[in-house]
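Inspection log for the structure reproduced underneath, given as structure tokens.
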Amino acid sequence: MKILAIESSCDETAAAVVEDGRKVLSSIVASQVEEHRLYGGVVPEIASRRHAEAITPVVKQALTQADVTLAQLDAIAVTHAPGLIGALLVGVNFAKGLSLSTGLPLVPTHHLRSHIASNYISNPELKPPFLCLVVSGGHSHIVMVEDYTKMKIIGKTRDDAAGEAFDKAARTMGMPYPGGIELDKAAQDGDPHAFKLPRPVVHDAPYDFSFSGLKTAVINLIHNSAQKGQELNKADVCASFRYAVVDCLSTNFIKAAEDLGATKLVIAGGVSANRLLRQTLSEECQKRGWQFYMPEKSLCGDNAAMVGSQGYYEYLSGNIADTDLNAYATMSIEC
Ligand code: KG4
Ligand code: ZN
């Protein structure tokens, strides 16, 4: 079964053709990041306009690269939630138009479920159930993936997402948007124990996260030293901050797995590209004899191949939309 998948939830316009949920026949990603970088973050109105310009050529390119015609497709999957509403609407309306004109079924797909599905592409043997840490620019969740379309939230952030905290700390150090990747690179040469940063815990919810206090602590550290005219070692600040975020994420994730008796652990989302997070969880799982899966780095960020993968399982579960499908800025992964 061949699915054309479309993604436009944030600042990447993407299209892909995926066969049977696991085989990527094509994957095109047009990134707007250079333009948003001028403003230090995503400007929603600019994102919508650029999606509207890019969507037709990106979809055409995906079909050409896959060597597939519209007549050879079996369904169209599209990200309909969560994300920037104006950006999502571009993909949803394009997909609706294409579905109406071709008669192909329209499959609404949740963005975070798609991030999880990137693992089905990178790890062909992976099947639910498993416990997944979904960490992106907008979300930080621990999710029990009971089946391909049945999920339960075990823990989540009470304030900032991990990616957001990385980006804001990086911006304070003068790194370009999205700073998470730059901060990760700079941290490789630093000492993770150079600065003592807090490990915020949520008292009544042991699997929940809180990153805003940690983010404020590193921003204060940078501002205070600037005011005193002291020069901080940037690599050491990056390494200490990365270590603190990864410590919070991995401690709660491992604890949740132990308490729930889960022995198959998976990570997903933009932050799953983080080198220390990948290394720490690989080692922690290996120590315990658990299985550990992660997406290949090229599939950690936003793309449409993962939408084609999740869309396949949504289609099999009967999740087909009418032409009145809408986009939603927020929607629980449990749905
Ligand atoms: O999943 P994603 O591409 O978009 C959303 O759905 O939000 O995640 C983007 C986030 C950004 O905050 C970016 O800085 C972060 O993922 N990110 C990283 C790394 N690569 C991307 N954060 C830390 N380390 C990385 N290597
Ligand atoms: Zn994403």
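What the table shows:
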{"read-out": "Selection from region 54-105 of residues that are among the charged types (D, E, K, R) and touching a Leu at 6+ places or on another chain (Cβ under 8 Å)", "value": "ASP67, ASP74, LYS96"}
{"read-out": "Pairs with Cβ under 6 Å, 6+ apart, first in region 7-33 and free of Cβ contacts under 8 Å to residues at least 40 places away in the same chain and within 16 Å of ligand 2 (Cβ to nearest atom), second in a strand (DSSP E or B) and of a type outside the set (Gly, Ala, Ser)", "value": "ALA30/THR13; SER31/GLU12"}
{"read-out": "Region 292-322, subset of a type in the set (S, T, N, Q) and under 21 Å from the mean Cα position of the chain (by Cα), residue nearest to ILE121 (Cα to Cα)", "value": "SER309"}
{"read-out": "Residue list for region 1-14, restricted to those being more than 12 Å from VAL58 (Cα to Cα) and crowded, with 16+ Cβ neighbours inside 10 Å", "value": "LYS2, ILE3, SER9, CYS10, ASP11"}
{"read-out": "GLY40 vs. criteria out of contact with any Asp or Glu (no Cβ under 8 Å at 6 or more places or on another chain) and at pLDDT below 95", "value": "yes"}
{"read-out": "Conditions (1) within 23 Å of ILE254 (Cβ to Cβ); (2) more than 16 Å from ligand 1 (Cβ to nearest atom): number failed by PHE166", "value": "(2)"}
{"read-out": "All positions within region 211-221 that are over 21 Å from ASN252 (Cβ atoms) and touching a Lys or Arg at 6+ places or on another chain (Cβ under 9 Å)", "value": "ILE219"}
{"read-out": "Those residues of region 284-309 which are farther than 16 Å from LEU131 by Cα and either in a loop (DSSP other than H, G, I, E, B) or basic (Lys, Arg) (or both), in sequence order", "value": "LYS287, GLU296, LYS297, CYS300, GLY301, ASP302, ASN303, ALA304"}
{"read-out": "Residues that are part of a loop (DSSP other than H, G, I, E, B) and either outside the structural domain of ILE154 (by TED's automatic domain parsing) or surrounded by fewer than 18 Cβ atoms within 10 Å (Cβ to Cβ) (or both), drawn from region 166-199", "value": "GLY174, PRO176, GLN188, ASP189, ASP191, HIS193, ALA194, LYS196, PRO198, ARG199"}
{"read-out": "Every residue from region 224-267 that is in contact with a Ser or Thr (Cβ under 7 Å, 6 or more places away or on another chain) and not in a loop (DSSP other than H, G, I, E, B)", "value": "VAL246, SER250"}
{"read-out": "Condition check for PRO128: part of a strand (DSSP E or B), surrounded by fewer than 24 Cβ atoms within 10 Å (Cβ to Cβ) and more than 11 Å from the chain's Cα centre (by Cα)", "value": "no"}
{"read-out": "In region 267-297, the residues that are farther than 25 Å from PHE241 by Cβ and either within 15 Å of ligand 2 (Cβ to nearest atom) or among the hydrophobic types (A, V, I, L, M, F, W, C) (or both)", "value": "TRP290"}
{"read-out": "Matching entry among VAL33, VAL29, VAL17, VAL43 (being crowded, with 21+ Cβ neighbours inside 10 Å and in the same structural domain as VAL90 (by TED's automatic domain parsing))", "value": "VAL17"}
{"read-out": "Meets criteria (crowded, with 24+ Cβ neighbours inside 10 Å and within 16 Å of ligand 2 (Cβ to nearest atom)) for LEU84", "value": "no"}
{"read-out": "Among (1) under 20 Å from HIS139 (Cβ atoms); (2) assigned to a helix (DSSP H, G or I) - the single one MET331 does not satisfy", "value": "(2)"}
{"read-out": "Counted residues, region 169-210 - those being over 19 Å from the mean Cα position of the chain (by Cα), among the hydrophobic types (A, V, I, L, M, F, W, C) and more than 28 Å from LYS255 (Cα to Cα)", "value": "3"}
{"read-out": "Complete set of residues in region 109-132 that are within 16 Å of ligand 2 (Cβ to nearest atom) and farther than 18 Å from GLY308 by Cβ", "value": "CYS132"}
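The values are calculated or read from the model by the stated rules, or taken from the named source; none is laboratory data. Everything quoted here is computed from the prediction, not taken from an experiment. A quick note on method: Cβ atoms are made from the backbone with ideal geometry, for glycine too, and the neighbour counts reach across all protein chains shown.
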